[in-house]
Amino acid sequence: MLHASLALLLAPALFAPTAPLDPNTPHEGRLSEDAERLERALAAIRLPGLMGDLRFLADDEMRGRDTPSPELRVAALFLAARLERLGFSSAGSGDFFYTYDLHRSGIDPARSGVGMQTKSDAERIAFGEGYFLNRMSHAYASAVRGPVVSVGRGTKDEFRSAALDGAWALLFDGGVSIRRSQRYAEEAGAAGILFAETPELHEPYAEKFENTTDAVLKSHISLRRAKSHNAGDELPILMLSSGATARMLALAGVASGPSVVAGTALDVVVSEDRVLRDDTISEFNVAGFWPGRDPELAREVIVVSAHYDHVGARGDRIFNGADDNASGTTGLLGVAEALAAYGPMRRSVLLLWLSGEEKGLWGSEAWTKAPQLPEGAVAVADINIDMIGRTRTDELYLTPTENHDSFNAVAAAAYDMARLEGFDTLLSQDADWERSDHYNFDKHLGIPVAFLSAGEHPDYHKPTDTAEKIDFEKLARITRIVVRMLDALEDGPLR
């Protein structure tokens, strides 16, 4: 069930009307049919609709639209509802969703932990509470069960003096090098290292290893299955909190102190139980198909793309991504309204909202490697919009420019149409050729592309990228450029 504030935000955006052309205009004063279609389409791009859509997408309730996240799924449902209302068709799946797989791997924290046992008693500590990992690769180290022998402060001599064969080396950490300690432990035949937190450290383990803990608890998610890790590739290294260390020493009947003399064998057995998971989760692009009217050209599809994800939230810090890329997402909704007012073009159009762009262009890679279009249709060009709501009113970037090897008729149309919306000069974004989703359309499909962006600003990828900073007039102008480009490219060569 949607949160009440989401429902309130959805209502005006889902039911905003388009502006029909006045049928009472005398015939002699009316535009030609094609020009009339375009004017009707441009008039359908209205500021109240753009403002309502973007404010919904960039609201705190959307938690930054991370890939994957429940909030990104809400955004996908919102986009699909608009497509259905405006009369778009699915691209072949029966609905408006293009589903692709992501792979999740890592420790299952609910079934993993460290046990400490004596003949008469036992304790168990949970990952992220009583112990931590210093880096992700140690999540794939061998699980170990063995006795515990102190190596004091972890000098080379202390490691050499302890009988460590098959045992955990307990090291009271005063700020030693983890890598050097690992080398000493391996040379001494230790099964693993238990680093014990001491008051001398400048920051507690919980803070020092917060990022690794967060990554392990979230698991590793990728478009491709993670490389298999062989158990034993890494020496197990556990970072015990001061509380966990005290519990272990008490269990072993050893007085808690700054350290335990090197070579002391503790009357306790420590076992780490690590359960790894490797499963598949589904993610979604959203696609709306607008069939063409020309019997020959309709099989050719111009794709207009924008990513609708952002980077999510970190605790109470929400990265709303109003410009990146609620602006492009909203612009694409504006294009949808314009097409509904325009009617069928000669070529077909696919509006494609992509997920996972922020994680490595996942959604566009998945789609371009396995395009989903109606039978007989083929993608022939891509217009991509990303971050179109900020910077100076006359600032607009394009790649490929006339100086780029991949310059094409689609990019050329951007130059011409931009002037009609007050952008006399397009700035080069060729340095960002590989940074947004258009790149995969060029790389995997070899079709002409054009990428429009208003450029970066100080709020890029910060919680301060919020809706009140958006220049909605500029967003509307860039959206109109895209519609003008579609109109200009509805027939004729694209290369």
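The values are calculated or read from the model by the stated rules, or taken from the named source; none is laboratory data. If you're wondering where the values come from, they're calculated on a predicted model, not measured in any experiment. Note that each Cβ is placed from the backbone with ideal geometry, even for glycine, and that neighbours are counted across all protein chains shown.
A few notes on this one:
- Residue count, the stretch 117-165 (criterion: among the hydrophobic types (A, V, I, L, M, F, W, C) and either in contact with a Lys or Arg (Cβ under 7 Å, 6 or more places away or on another chain) or under 17 Å from VAL275 (Cβ atoms) (or both)): 9
- Matching option when the condition is within 28 Å of the chain's Cα centre (by Cα), within 29 Å of PHE319 (Cβ to Cβ) and not charged (D, E, K, R), among ILE478, ILE447: ILE478
- Note on the stretch 436-495: residues that are buried (at least 24 other Cβ atoms within 10 Å of the Cβ), hydrophobic (A, V, I, L, M, F, W, C) and part of a loop (DSSP other than H, G, I, E, B) amount to 2.
- Check on ALA110, outside any strand (DSSP E or B) and without any contact (Cβ under 8 Å) to a residue 12 or more places away in the chain: yes
- Some residue of the stretch 21-40 being touching an Asp or Glu at 6+ places or on another chain (Cβ under 8 Å), surrounded by 19 or more Cβ atoms within 10 Å (Cβ to Cβ) and either modelled with pLDDT of 95 or more or not β-branched (Val, Ile, Thr) (or both): yes
- Flag for SER69 being among the polar types (S, T, N, Q) and out of contact with any strand residue (DSSP E or B) (no Cβ under 8 Å at 6 or more places or on another chain): yes
- Test result for ARG419, in a helix (DSSP H, G or I), surrounded by fewer than 23 Cβ atoms within 10 Å (Cβ to Cβ) and out of contact with any Lys or Arg (no Cβ under 9 Å at 6 or more places or on another chain): yes
- Restricted to the stretch 167-241, the set of strands (runs of 3 or more DSSP E) holding at least 2 residues that are modelled with pLDDT of 95 or more and assigned by TED's automatic domain parsing to the domain that holds MET116 comprises 168-173, 192-197, 237-240.
- Subset of the stretch 147-176 [at positive phi and touching a strand residue (DSSP E or B) at 6+ places or on another chain (Cβ under 6 Å)]: GLY154, GLY166
- Only a single criterion out of (1) touching a helix residue (DSSP H, G or I) at 6+ places or on another chain (Cβ under 7 Å); (2) part of a helix (DSSP H, G or I); (3) of a type outside the set (Gly, Ala, Ser) is not satisfied by GLU36, namely (1).
- Leading residue by the ranking (surrounded by the most Cβ atoms within 10 Å (Cβ to Cβ)) among those in the stretch 295-336 that are closer than 26 Å to PRO493 by Cα and of a type in the set (D, E, K, R): GLU300
- Going through (1) in contact (Cβ under 8 Å) with a residue 40 or more places away in the chain; (2) out of contact with any strand residue (DSSP E or B) (no Cβ under 6 Å at 6 or more places or on another chain); (3) assigned to a loop (DSSP other than H, G, I, E, B) one by one, GLY94 falls short only on (1).
- Some residue of the stretch 155-167 being touching a Ser or Thr at 6+ places or on another chain (Cβ under 9 Å) and not hydrophobic (A, V, I, L, M, F, W, C): yes
- Any hit, the stretch 476-495, residues being under 22 Å from ASP59 (Cα atoms) and touching a helix residue (DSSP H, G or I) at 6+ places or on another chain (Cβ under 7 Å): yes
- Only one of ALA322, ALA287, ALA326 that is modelled with pLDDT of 95 or more, touching a Phe, Trp or Tyr at 6+ places or on another chain (Cβ under 7 Å) and aliphatic (A, V, I, L, M): ALA287
- Residue in the stretch 157-164 that is in the same structural domain as ARG247 (by TED's automatic domain parsing), over 16 Å from PRO236 (Cα atoms), surrounded by 15 or more Cβ atoms within 10 Å (Cβ to Cβ) and without any contact (Cβ under 8 Å) to a residue 24 or more places away in the chain present: no
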